[in-house]
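**Q** Quick one: the structure is below, and I'll ask about it shortly.
The values are calculated or read from the model by the stated rules, or taken from the named source; none is laboratory data. From a predicted model like this one, the values you see are computed outputs, not experimental measurements. Note that we place each Cβ from the backbone using ideal geometry, even for glycine, and neighbour counts take in every protein chain shown.
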Amino acid sequence: MTTGVRRGALRHPRVELRWYADLRALPPRVAWFQARARLRAHTQDDRFSLTSVTRPRDLHALLSLADGRSHVVELGTATGWTAISLALADPGRRVTSFDLVSRPEPARYLRLVGADVRARIELVTAPGSDGPRDDRPVDLLYIDSSHERQATIDEVHAWRPVLAPGAAIVFDDYGHPDYPGVREAVQELGLNGRPVGTLFVASER
């Protein structure tokens, strides 16, 4: 083990044990990827990934919502762990992920999965509010980007034209005290839905 791993384990042993224990609720391929990705993040002292990734319980909720949905769009790539997990969970699913910034982390963690998975993930460096680049129907839109009210509203408006009937719109950090803009955006959009853990889920008719 590297010094980075020992430091992480010694600093927060209960957090690490809980994190790995929560992986058991995930599909095996996803859990295996997440465990390897977290170990690599510790080894390389990748603090951004360790602090910004979707927690296993929230990822479990998101994967459940994505079940049976073949095209998922994520706004807010960050480390790429969530996009990779969404692709791993369903061999027939394509994932398109947008982010304002082209970061090195996604390429690093994509190397942990096979070419078949990488081929089904498209990373786009652009604002989510730019909207779709083609007319492919989107079955689930996952918004985990700026968390600001107006930006979130703009993203929903930009993607609505390609949302398939019954598509889900999922907002991350709904109700989080540090990100009031998410709740404000949901209210201003007049969306009907329900909280699911830290997420808010609305459906298109």
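**Q** If you check Ala9 against the conditions, is it part of a helix (DSSP H, G or I), modelled with pLDDT of 95 or more and of a type outside the set (Lys, Arg)?
**A** Details: part of a helix (DSSP H, G or I): yes; modelled with pLDDT of 95 or more: no; of a type outside the set (Lys, Arg): yes.
When the stated conditions are applied, Ala9 does not pass them.
**Q** Could you check Ala168 against (1) assigned to a helix (DSSP H, G or I); (2) surrounded by 15 or more Cβ atoms within 10 Å (Cβ to Cβ) and say which number it fails?
**A** Exception for Ala168: condition (1).
**Q** Which one of the conditions (1) surrounded by 19 or more Cβ atoms within 10 Å (Cβ to Cβ); (2) touching an Asp or Glu at 6+ places or on another chain (Cβ under 8 Å); (3) farther than 30 Å from Pro28 by Cβ; (4) among the charged types (D, E, K, R) does Arg160 fail to meet, given that it meets all the rest?
**A** Of the numbered conditions (1) surrounded by 19 or more Cβ atoms within 10 Å (Cβ to Cβ); (2) touching an Asp or Glu at 6+ places or on another chain (Cβ under 8 Å); (3) farther than 30 Å from Pro28 by Cβ; (4) among the charged types (D, E, K, R), the odd one out for Arg160 is (1).
**Q** Check segment 100-108 and report whether any residue there is crowded, with 22+ Cβ neighbours inside 10 Å and either under 16 Å from Ala168 (Cβ atoms) or within 16 Å of the chain's Cα centre (by Cα) (or both).
**A** No, the conditions are met nowhere in segment 100-108.
**Q** Just one of the numbered conditions (1) at pLDDT below 95; (2) surrounded by 14 or more Cβ atoms within 10 Å (Cβ to Cβ) is not true of Pro177; which one?
**A** All conditions are met except number (2).
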